[in-house]
Amino acid sequence: MNFVQRNYYAATQSANTMKTYKMIDGMKQEYDRYTAEDFEVWKILFERQMKILPAMASAEYLEGINLIGFNKDSIPNFTDINTVLGKLTGWQIVVVPGIVAEQDFFKLLSQKKFPATTWLRKMSELDYLPEPDMFHDVFGHMPLLTHQIFCDFFQNLGIVGVKYSDNEKITAMLGRLYWFTVEFGLINDNGEKKIYGAGILSSHGETKFSLSDAPLHLQFNAETIMNTPYASDKIQDKYYVIESFNELYNSIETIDKVVEKEMVMASR
């Protein structure tokens, strides 16, 4: 994950394919610098997704949208979001210039901090970006940071990542898990597949595609996912489906066992 964003667009694209940025202490969202075009882009993207997500996104994500108070007319203010998240789950947004290194990303997660950019795509780039922008980071990721069980999984993933941040193979395995869950995960909701992955939720085309009959829908299995390559440059051809966020959180035990097994094999 070289991380932040598509966070595996940040977090998961490898450092070999995407530029990474150094953390800048004290970096802030400069809200008064957003232009009329920025507000219009946010409005277009927000309205476009919210026309379809009520029937396609997980209940937890939709509740998070309401709890944070996202709306079409206002670009989210990070100070306001941090106030809400701080009260609900203790998480905070940290402003970064772009995709950050794996070590930085995992460390932030372990501290209940999520790295996010503050820039928005241009009107001419509504459906394609070379790297993730604020709409992905904020609209895609922030709502589930109001959900405690999801946050507990997220933090523990960061803790494991910090512990093995100098092991490229294990980092790659954790990156695959991140990709197929936090970025491109689906969940069963009363017998229907719904979306919780930020990479899908922030993409109009992938939102529709992910729940269609075209891709494979596979049962969640952490060990399988950690050994399954993914394509970061195109719409996914398979999605893993969790039964609940409790299942996702409980997979931390499996993750630890898989990592321990890998360490034993590497030492032989």
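Kindly list the number of the only condition in (1) in contact with a Ser or Thr (Cβ under 8 Å, 6 or more places away or on another chain); (2) under 18 Å from GLY197 (Cβ atoms) that fails for GLU30.
(2)
I'm checking my understanding of the structure. Among residues of the stretch 85-129 that are of a type in the set (Phe, Trp, Tyr) and over 26 Å from ARG48 (Cβ atoms), which one is modelled with the highest pLDDT? Please lay out each step first, then the result.
If we filter the stretch 85-129 for residues that are of a type in the set (Phe, Trp, Tyr), which is where we start, we get 91, 105-106, 114, 119, 128.
Going one step further and asking which of them are over 26 Å from ARG48 (Cβ atoms), we end up with 91, 105-106.
Details: TRP91: 98, PHE105: 93, PHE106: 93.
The selected residue is TRP91.
Residues of the stretch 1-19 being at pLDDT 50 or above and surrounded by fewer than 20 Cβ atoms within 10 Å (Cβ to Cβ), which ones?
THR17, LYS19
Can you confirm whether GLY185 is out of contact with any Gly (no Cβ under 7 Å at 6 or more places or on another chain) and of a type outside the set (Ser, Thr, Tyr)?
On the way: out of contact with any Gly (no Cβ under 7 Å at 6 or more places or on another chain): no; of a type outside the set (Ser, Thr, Tyr): yes.
Considered against the rule, which asks whether it is out of contact with any Gly (no Cβ under 7 Å at 6 or more places or on another chain) and of a type outside the set (Ser, Thr, Tyr), GLY185 comes out as no.
Could you figure out which of (1) within 18 Å of ASP38 (Cα to Cα); (2) surrounded by fewer than 17 Cβ atoms within 10 Å (Cβ to Cβ); (3) among the basic types (Lys, Arg) isn't true of LYS87?
Failing condition for LYS87: (1).
Can you tell which of THR254, THR228 is in contact (Cβ under 8 Å) with a residue 24 or more places away in the chain and within 18 Å of GLN155 (Cα to Cα)? Write out each step before concluding.
Working: THR228 fails: within 18 Å of GLN155 (Cα to Cα).
From the options THR254, THR228, the qualifying one is THR254.
Tell me, which strands (runs of 3 or more DSSP E) lie completely within the stretch 146-228 with 1 or more residues that are among the charged types (D, E, K, R), modelled with pLDDT of 95 or more and surrounded by fewer than 15 Cβ atoms within 10 Å (Cβ to Cβ)? Reasoning before the result, please.
Working: elements: 186-189, 192-195, 216-219.
Here the list reads 192-195.
Are there any pairs with C-beta distances below 9 angstrom linking a residue in the stretch 78-98 that is acidic (Asp, Glu) to a residue that is surrounded by fewer than 18 Cβ atoms within 10 Å (Cβ to Cβ), with the two at least 6 apart or on different chains, and if so which?
If the second residue must be surrounded by fewer than 18 Cβ atoms within 10 Å (Cβ to Cβ), the pairs left are ASP80/GLY69.
Which one is surrounded by the fewest Cβ atoms within 10 Å (Cβ to Cβ) among residues in the stretch 232-268 that are in contact with a Phe, Trp or Tyr (Cβ under 6 Å, 6 or more places away or on another chain) and assigned to a helix (DSSP H, G or I)?
TYR249
Among what's in the stretch 119-128 and is free of Cβ contacts under 8 Å to residues at least 24 places away in the same chain and not in a loop (DSSP other than H, G, I, E, B), pick the residue that is surrounded by the fewest Cβ atoms within 10 Å (Cβ to Cβ).
Looking only at the stretch 119-128, we keep the residues that are free of Cβ contacts under 8 Å to residues at least 24 places away in the same chain, and these are 119, 124-125, 128.
Those left that are additionally not in a loop (DSSP other than H, G, I, E, B): 124-125.
Details: SER124: 8, GLU125: 12.
That would be SER124.
The values are calculated or read from the model by the stated rules, or taken from the named source; none is laboratory data. It should be emphasised that the depicted structure is a prediction, and the values quoted were computed from it without experimental measurement. We place every Cβ from the backbone using ideal geometry, glycine too, and count neighbours over all the protein chains shown.
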